[in-house]
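Below you'll find the structure, written out as C-alpha cells, and then a few comments.
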C-alpha cells in the first residue's frame, strides 16, 4: 500500500535533498512526501542527519542539492537544555513565544494572544499549570508546553526532537495520545527517535544514516536489512543487551 | 535618628550623588538581569576596563569623558575583533589579552608624572563629585534603557530562552544581541563617570545576580534588581558618610553583601515545592 498521503496536497516534500555545513553533505539522497495526518518516525543514529533534516524543513539551512518544499507552517519542539531550567519564564510565557512571528518585534502579546496561548495549553492538558515555572515542570509537561507553543504558531507540521527521552510511562502515553490527536486534526508530526518498537506504531518511518535508507510504512521499511544499514550491523548482533533493546526488538529475528 | 538619616544628604553634592546613584541603579538593575541571562558579565567587565585609556586620554586633553570613553570602546572592540581572528588564540584569551593591554595602558597614562591629580577617580569613581550634567546624563540613560528594554522584551526573552531555535520562532537573535550590547556599552559609558572603571560592573551584575536568587519571573526580577541597586546605592552612601569610606567602593561592598545574604537565604529557605 502506498503512503496514505500521496493523494493529498503535501505538507512537506523533498526530492533528492542533500544538506550539510561544509564541503561534504551530512545528509543526501532524501526524498519523501508527507501529508496531513501523517505521523512520521525519523530513525537514525546520532549524526545520522535527523537534526540537519529538521533544520532544512524549518528553513534555517539551505539544501546543497535537490529540492525541498514545505508549504505548511512548520514548528519545532526541541529538547530543553538543562542549563535553561532556571530561566525565569512560566509555561504561559513559553507558549506566548509562539506569537512572536506574527507580531511586529516591538509589540508585546496582548489579551488576544494570551487567550490563544491559554487555549493551546488547554489542548495539551496544562491549563492549570499555565503560571508554573517552565523549569519546574516535568520533562513530559515541558514537551507539552513546547507543543502548545507550536500550536500558537499555528503550525501544521510539528518537528519533535526525541520527545520521549527522560519521560516516564504515563506521561509518554499522554504525549503519544496528544500527537495522535494533532494528526487527527490534519497536522503532520515528525518525531526524531531511537525507539524502533515505537516507530512500528506510526504511519511512516524515515530511516537516515548520512543518506536516506528507507521511507515508507513501518511494515515495509523496518526490515533487518534496513535497520542494519541505519544503525550499523554491530548493534543488531546484541538484541538482548541493555541499550540495544529499543533499537532492534527481539521478535524481529523470527522473520528478519 | 531622623538627623542621622538626613545628615549625609544635606549638601547639594550629596543630593546629586543620591539622585545619580538611584538613576544608575534603576538602569543597572534592569539591564543587569539580561546581562546575567545572556552571560555577558565578562564582556561587560572587559568593556569597562578596556575603555580606560580613552577616558584618561580625554581627561588629559580636556575633552568630554563621554567622547573619550566612546573612542576607547571602539578601539577595544576593534582590537578584540582582530585578536579573535588569530587562529591560535581563543576568543576568551583574545579578550583577556586586549583588555589587559588597554587597561595597563590606561593606568600608565593615568599615573605618569605629568598627569593632573584626581585622575585616579576614573578608576575608582567619585560619586560625590558628579555634576548636574552627569545626573542629567544618567536620567537620559535610564529613560533610554528602560524604554528599549520594554520594546525588546519579547525578543530578549525568546532569544535568551532558546537561542538555537529562536529564528524558527520568528525572533531575531541578531537584533536582540546587538541591541543588548549597545545598551550595555552606553550604560558603562555613562555609569563609569560616577562609579569608576573598576566598580561600574558591580552595579550592572551584582543586583541582578542577587535578584535571580529571589525572583521567578523576568519582570519582577528586573524590578527587584533595580530596587536592590538603589538600596545598595543609598546604603553605600550612608556607609561612605559615617565610615568615611570611598563612595563607589562602599556601594560595591553593599551590593556584594546583599548577594551573599540572598545566597544564604536561598540555602536556608527552600522554594515552595511544586506539585
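Things worth noting here:
- When residues of region A:76-105 are limited to those that are assigned to a helix (DSSP H, G or I) and without any contact (Cβ under 8 Å) to a residue 12 or more places away in the chain, the one nearest to the other protein chains (Cβ to nearest Cβ): A:100
- Some residue of region B:261-273 being part of a helix (DSSP H, G or I), within 25 Å of residue B:120 (Cα to Cα), touching a residue at least 40 places away in the same chain (Cβ under 8 Å) and away from chain A (no Cβ under 14 Å): no
- In a residue-by-residue description of region A:9-28, the property of being within 14 Å of chain B (Cβ to nearest Cβ) and within 15 Å of the chain's Cα centre (by Cα) applies to no position.
- Of all the numbered requirements in (1) without any contact (Cβ under 8 Å) to a residue 12 or more places away in the chain; (2) assigned to a loop (DSSP other than H, G, I, E, B); (3) within 14 Å of chain B (Cβ to nearest Cβ), residue A:46 misses one, and that requirement is (3).
- Index of the failed condition, residue A:105 passing every other in (1) under 28 Å from residue A:167 (Cα atoms); (2) not assigned by TED's automatic domain parsing to the domain that holds residue A:227: (1)
- Close contacts from region A:56-75, counting a first residue that is in the same structural domain as residue A:34 (by TED's automatic domain parsing) and under 20 Å from residue A:24 (Cα atoms) and a second that is surrounded by fewer than 18 Cβ atoms within 10 Å (Cβ to Cβ) and at pLDDT 95 or above, with Cβ to Cβ under 6 Å and a gap of 6+ residues or different chains, come to A:66/A:15; A:66/A:16; A:67/A:15.
- Residue within region B:120-136 that is free of Cβ contacts under 8 Å to residues at least 24 places away in the same chain and over 23 Å from residue B:229 (Cβ atoms) present: yes
- Number of residues in region B:26-48 that are more than 9 Å from the chain's Cα centre (by Cα), more than 13 Å from residue B:186 (Cα to Cα) and in contact (Cβ under 8 Å) with a residue 60 or more places away in the chain equals 11.
- Flag for residue A:115 being at pLDDT below 95, more than 30 Å from residue A:198 (Cα to Cα) and surrounded by fewer than 18 Cβ atoms within 10 Å (Cβ to Cβ): no
- Residue in region A:123-138 that is touching a strand residue (DSSP E or B) at 6+ places or on another chain (Cβ under 9 Å), outside any helix (DSSP H, G or I) and surrounded by fewer than 14 Cβ atoms within 10 Å (Cβ to Cβ) present: yes
- Looking across region A:159-169, the residues that are surrounded by fewer than 24 Cβ atoms within 10 Å (Cβ to Cβ) and touching a residue at least 60 places away in the same chain (Cβ under 8 Å) come down to A:161, A:162, A:165.
- Residues that are within 11 Å of chain B (Cβ to nearest Cβ) and more than 11 Å from residue A:190 (Cα to Cα) within region A:62-75 comprise just one, A:73.
- The single residue among B:200, B:145, B:159, B:182 that is surrounded by 23 or more Cβ atoms within 10 Å (Cβ to Cβ) and away from chain A (no Cβ under 13 Å) turns out to be B:200.
- Within region A:40-76, if we keep just the residues that are in contact with a helix residue (DSSP H, G or I) (Cβ under 7 Å, 6 or more places away or on another chain) and crowded, with 23+ Cβ neighbours inside 10 Å, the residue that is farthest from residue A:183 (Cα to Cα) turns out to be A:44.
- With respect to (1) over 30 Å from residue A:81 (Cβ atoms); (2) without any contact (Cβ under 8 Å) to a residue 40 or more places away in the chain, the lone exception for residue B:52 is condition (2).
- When region B:34-60 is limited to residues that are more than 14 Å from every other protein chain (Cβ to nearest Cβ) and not in a helix (DSSP H, G or I), the one that is nearest to residue B:146 (Cα to Cα) turns out to be B:40.
- Test for residue B:175: is it touching a residue at least 60 places away in the same chain (Cβ under 8 Å) and within 11 Å of chain A (Cβ to nearest Cβ): no
- Scanning region A:5-20 for residues that are over 16 Å from residue A:211 (Cβ atoms), surrounded by fewer than 21 Cβ atoms within 10 Å (Cβ to Cβ) and modelled with pLDDT under 95 yields a total of 5.
- Comparison of B:81, B:76 shows that the only residue that is surrounded by 22 or more Cβ atoms within 10 Å (Cβ to Cβ), out of contact with any strand residue (DSSP E or B) (no Cβ under 8 Å at 6 or more places or on another chain) and at pLDDT below 90 is B:76.
- Some residue of region B:236-246 being under 21 Å from residue B:139 (Cβ atoms) and in contact (Cβ under 8 Å) with a residue 60 or more places away in the chain: yes
Quick grid of which residues meet (1) modelled with pLDDT under 90; (2) closer than 24 Å to residue A:230 by Cβ; (3) within 14 Å of chain B (Cβ to nearest Cβ); (4) out of contact with any helix residue (DSSP H, G or I) (no Cβ under 7 Å at 6 or more places or on another chain):
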| residue | (1), (2), (3), (4) |
| --- | --- |
| A:107 | yes, no, yes, yes |
| A:111 | no, no, no, yes |
| A:128 | no, no, yes, yes |
| A:140 | no, no, no, no |
| A:167 | yes, yes, no, no |
| A:179 | no, yes, no, yes |
| A:183 | no, yes, no, yes |
| A:189 | no, yes, no, no |
| A:194 | yes, yes, no, yes |
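The values are calculated or read from the model by the stated rules, or taken from the named source; none is laboratory data. Note that the coordinates shown come from a computational prediction; the quantities given were computed from them, not determined experimentally. So basically every Cβ, Gly included, is an ideal-geometry build from the backbone, and we count neighbours across all protein chains shown.
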